[in-house]
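Once you've had a glance at the structure underneath, I'll fire off some questions.
The values are calculated or read from the model by the stated rules, or taken from the named source; none is laboratory data. Note that the structure is predicted; figures quoted are calculated from it, not measured. Virtual Cβ from ideal backbone geometry, glycine too; neighbours counted across all protein chains shown. Ligands, DNA and RNA are stripped out before the accessible areas are found, and what is left, the full protein with its side chains, is counted by its heavy atoms. Shrake-Rupley method; radii C 1.70, N 1.55, O 1.52, S 1.80 Å.
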Amino acid sequence: DAGVIQSPRHEVTEMGQEVTLRCKPISGHNSLFWYRQTMMRGLELLIYFNNNVPIDDSGMPEDRFSAKMPNASFSTLKIQPSEPRDSAVYFCASSLAIRGTEAFFGQGTRLTVV
Amino acid sequence: GNSVTQMEGPVTLSEEAFLTINCTYTATGYPSLFWYVQYPGEGLQLLLKATKADDKGSNKGFEATYRKETTSFHLEKGSVQVSDSAVYFCALSEETSGSRLTFGEGTQLTVNP
């Protein structure tokens, strides 16, 4: 398996624009996580899905953020409108929803909002 | 709620030095414990894990033992290499939340030749 695949790897956008980040989890995994990493706040869990259903979105910072998982092999994280403070590295991770199993991370998307 | 606390960094060592990165946790149940490593420009990779008390996880010369009595999972390596320079994250997953991870702050390790 190619692992968790995220796209794009880098995104530079202007403030106010819509940004869509994409993730393809490992085949067979039934949990998917979106994390945000910044120097100030470290790694933050934004939202996670089990069997394509959002279980906990309490980490989503504002209504400008939304995430979907239309099927088991694809998820998106959308920011609309984007702001400079959204600049961060966004990671997608997937796993089996079984105690003790590890999550596998993608390479991340580095988002810069200018 | 659950939380993970790591020793404050950054840590700078000379090659072949002994490494310890402290990690303690707070959890309501019986968590599984993990160490992840992040190399520059990359995502997080699992380094080792332990799922029950007194288990020792090991990989690439790194070790950590699940200590329930002290709620700790300290990472150790007897002789570090320049290639070990990275950020190390301690994490836990609760028994009732599947594989959802709570991370510590991360510790930047730099190993000089």
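What does the average come to when, for each residue of peptide B:46-53, you count the partner chain Cβ atoms lying within 10 Å of its Cβ?
Per residue, the number of nearby Cβ atoms from other chains is 2 on average.
Also: I need the peptides B:7-15, B:73-81, B:85-93 ranked by packing, meaning the mean over residues of other C-beta atoms within 10 angstrom, with the highest value on top.
B:85-93, B:73-81, B:7-15
Once you've got the GNM for chain B with C-alpha springs shorter than 10 Å, pick whichever of B:T51, B:T71, B:T28 has the biggest mean-square fluctuation.
Looking only at B:T51, B:T71, B:T28, the largest GNM fluctuation is found for B:T28.
Run through every distinct alpha carbon pair of the range A:4-114 and return the Kirkwood hydrodynamic radius in angstroms, one decimal place.
13.9 Å
Report, to the nearest whole %, how much of the accessible area of the protein assembly as shown belongs to carbon and sulfur atoms, 1.4 Å probe, protein only.
Of the solvent-accessible surface of the protein assembly as shown, carbon and sulfur hold 49 percent.
Continuing with the same structure: Which whole number in µm²/s is D for chain B by Stokes-Einstein, with the Kirkwood Rh taken over Cα pairs at 20 °C and 1.002 mPa s?
It comes out at roughly 153 µm²/s.
A further question follows. For the pair B:T28/A:E62, report the inter-label distance in nm, with labels modelled 7 Å from Cα in the Cβ direction.
Placing both labels 7 Å beyond Cα along the Cβ direction yields 3.1 nm.
Taking 1 over the mean of 1/r across every pair of different Cα atoms in the range A:70-114, what Kirkwood radius in Å do you get?
About 12.7 Å, per the Kirkwood formula over Cα pairs.
Moving to a separate point now. Tabulate in residue order the Karplus-calculated ³J(HN,Hα) for the range A:83-88, using 6.51 cos²θ - 1.76 cosθ + 1.60 with θ = phi - 60°, rounded to whole Hz; enter x for Gly and Pro.
For the range A:83-88, the Karplus curve yields 10, x, 6, 7, 4, 4 Hz.
What does the net charge come to around A:L43 if you take all other residues with beta carbon closer than 12 Å to its beta carbon, with K and R at +1 and D and E at -1? Could the numbers behind the result be given before it?
Numbers: positive: A:R36, A:R41; negative: A:E44, B:E105.
So the surrounding residues net to 0.
Right, here's the next one. Accessible area per residue of chain B at 1.4 Å probe, in Å²? If you can, show how the numbers build up before the last one.
Numbers: 5110 Å² over 113 residues.
With the other protein chains kept in place, chain B gives 45 Å² per residue.
Using only the Cα atoms of the protein assembly as shown, what semi-axes does the equivalent ellipsoid have when each is the square root of 5 times a gyration tensor eigenvalue? Give whole Å, largest first.
Whole-Å semi-axes of the equivalent ellipsoid: 30, 21, 15.
Can you work out ³J(HN,Hα) from phi for every residue in the range B:45-55, in order, using Karplus 6.51 cos²θ - 1.76 cosθ + 1.60 and θ = phi - 60°, giving whole Hz and x for Gly and Pro?
Karplus-based 3J(HN,Hα) across the range B:45-55 equals 10, 5, 9, 6, 8, 8, 10, 8, 4, 6, 5 Hz.
Could I ask something else about it? What does the charge count near A:F65 come to, summing +1 for each Lys or Arg and -1 for each Asp or Glu among other residues with Cβ under 13 Å from its Cβ?
That works out to -2.
Note down the magnitude of the dipole of the range A:1-105 about its Cα centre, charges +1 on Lys and Arg C-beta and -1 on Asp and Glu C-beta and zero elsewhere, to the nearest 20 debye.
On the way: 10 positive and 12 negative charges, 46 e Å.
Magnitude of the dipole: close to 220 debye.
Take peptide A:92-102, look around each residue's Cβ out to 10 angstrom, count Cβ atoms belonging to other protein chains, and average those counts.
Mean partner-chain Cβ count within 10 Å for A:92-102: 6.
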